[in-house]
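See structure below.
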């Protein structure tokens, strides 16, 4: 019998690594291939950045509680966020859709309203795509291109011991928004006439359904002439991203639990769900804030950056990746993520 | 009740046009947005070309008779073909996959073998992508980037009356290969022990399962210093592509039925299936040859081009889009395509 290895044994990142481990690049124009938030391609005085994301119904979104307009908006934002994570300016996107005939023209108009709104907000041009039938559900594939001067591009690999670790906004709220929406869905399915009361949870819901990308941070870096030493966007939870930076930069790090910014609404909701707010921030994902590191010399300028949080420090690789808990203990940081191919990821 | 317009009332192209009719571009770097085989973006001395295609299991491929390695190869080829259709050189691709847990690591290794082989054959770098779970089936989204000098880029919109219409290879075989595979599938499902005999139909099967992109044509144009006046790749059948060129160029055209190249195996198989071979060429699709037009002055050079076929001429818009039949009649050319969202497209 043929050998059959379940894809879950490798996890998402392990699977990609396994399938692409022997991939090399041939073109001198390919400045960076697989392994960062975006690929980097030679393009005259600046370099072009390319990043792509796939959103699949039933995996990344549930149309029972996701308005199509918000979905279109979010699909653009998550891609634009990858360009910002390279310290670039997003310029173009292509949008491909696979749609079952369950979707009406009006439904797709709603989706496109969100796509176009995000294009306007983030100043990106919709330049192409592909629209095709699907036997089931909706799949959205977006590719974003952006631009940066070669010397301004920030990679995951530039962090060094002593660098300060920062994030651009609070964490965990998007995950808790999702838990809330999932709970309301259960309530609705059990009693379809019940009216959900989400008015007071607006922040959490918005962080889940209509996230924004950290464009202001990139503008601030430019204005203040600061170049982070490394950067990544927080799509899979803080812990996973700290691991990516440490792996690419061959360094260790510690995160101060007490410094991880968690919105009061997220804190409250976590406790209601009997979840540890810190775990929601570390492993929840979908916050689309940026995690970046800076040289100590830039600390003064970063302190004045609007809504920035200093959460830890880069250390030598031999010191490992640690969480300094609020209780005064030191634990190994663990990236649990939601990486199973039979679950939400 | 909410208005609900079935997407099939618009068809694929109508739907895209409807959803994107108000899309404009803001960046000076965006040289061309929606509407050709690829978008064109400013990139120094050359321009960058970007094209994207989505392949969905159950719509674009059937894994009962499509080896995963061939599928990976074809997925790259169809994208690279779009770059050639702009007279560009393909350089990079990103590959995104949505996979259900029905697929094993070994199955994905096969798919990647084909992707990597095509990358090698067409000299393109695999530079990124996204891998995610899917509740059902396999979806492949590939974005290809390429490059061309701005003045060398060939658009759909440059054809003018008097230009000669040419194609780079024979048509209809991929469609007939598909009919053959579908028939064998039916036979197999009815009697799983029956052994299919496809040895003598190798050409048709290969055109369907492992098409090649017309790279040699692009190399020939460069070598001979010929620039076609318009070009498009034949993914949806000759008729549909002639319409695209005529619409973009605001011209008419006639196609000589007797000049449409049809491989003898395709001819024979069409008759066995009681299909009109010309209709298979006009509406079958997936041939991935290039349809291009040239100025009359370049005719002499084009005659020496390997495997080129001159099939008709561009006329004034008022003369319409016509088929000169082998029987001596003139009909309106019709693009039936396979454009329904509830069918193969």
Looking at residue A:238, is it touching a helix residue (DSSP H, G or I) at 6+ places or on another chain (Cβ under 6 Å), touching a residue at least 12 places away in the same chain (Cβ under 8 Å), crowded, with 21+ Cβ neighbours inside 10 Å and outside the structural domain of residue A:88 (by TED's automatic domain parsing)? yes
So residue A:226, is it in contact with a strand residue (DSSP E or B) (Cβ under 8 Å, 6 or more places away or on another chain) and in contact (Cβ under 8 Å) with a residue 12 or more places away in the chain: yes
Tell me which residues, restricted to the range A:313-332, are on the phi > 0 side of the Ramachandran plot and in contact with a strand residue (DSSP E or B) (Cβ under 6 Å, 6 or more places away or on another chain). A:320
Some residue of the range B:245-258 being touching a helix residue (DSSP H, G or I) at 6+ places or on another chain (Cβ under 8 Å), surrounded by fewer than 23 Cβ atoms within 10 Å (Cβ to Cβ) and on the phi > 0 side of the Ramachandran plot: yes
Which numbered condition trips up residue B:288, out of (1) in contact with a strand residue (DSSP E or B) (Cβ under 7 Å, 6 or more places away or on another chain); (2) crowded, with 22+ Cβ neighbours inside 10 Å; (3) closer than 20 Å to residue B:249 by Cβ? (3)
May I ask you to list the residues in the range B:13-28 that are in contact with a strand residue (DSSP E or B) (Cβ under 6 Å, 6 or more places away or on another chain) and under 23 Å from residue B:231 (Cβ atoms)? B:16, B:25
Test each condition in (1) in contact with a strand residue (DSSP E or B) (Cβ under 8 Å, 6 or more places away or on another chain); (2) buried (at least 24 other Cβ atoms within 10 Å of the Cβ); (3) modelled with pLDDT of 95 or more for residue B:171 and report the one that comes out false. (1)
Quickly run through the range A:17-37 and pick out the residues that are within 7 Å of chain B (Cβ to nearest Cβ), crowded, with 20+ Cβ neighbours inside 10 Å and under 21 Å from the mean Cα position of the chain (by Cα). A:33
(1) surrounded by fewer than 23 Cβ atoms within 10 Å (Cβ to Cβ); (2) more than 10 Å from chain B (Cβ to nearest Cβ) all hold for residue A:74 apart from (1)
Looking at (1) within 24 Å of the chain's Cα centre (by Cα); (2) surrounded by 15 or more Cβ atoms within 10 Å (Cβ to Cβ); (3) within 14 Å of another protein chain (Cβ to nearest Cβ), which is the one condition that is false for residue B:181? (3)
State whether one or more residues within the range B:270-280 are surrounded by fewer than 16 Cβ atoms within 10 Å (Cβ to Cβ) and out of contact with any helix residue (DSSP H, G or I) (no Cβ under 8 Å at 6 or more places or on another chain). yes
Restricting the range A:38-54 to residues that are more than 17 Å from the chain's Cα centre (by Cα) and more than 7 Å from chain B (Cβ to nearest Cβ), the one nearest to residue B:128 (Cα to Cα) turns out to be A:40
Considering only the range B:118-152, state which residues are in contact with a strand residue (DSSP E or B) (Cβ under 8 Å, 6 or more places away or on another chain), surrounded by fewer than 19 Cβ atoms within 10 Å (Cβ to Cβ) and more than 7 Å from every other protein chain (Cβ to nearest Cβ). B:149, B:150
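The values are calculated or read from the model by the stated rules, or taken from the named source; none is laboratory data. These numbers were taken from a predicted model, which means no experiment stands behind them. Cβ: placed from backbone, ideal geometry, glycine included. Neighbour counts: every protein chain shown.
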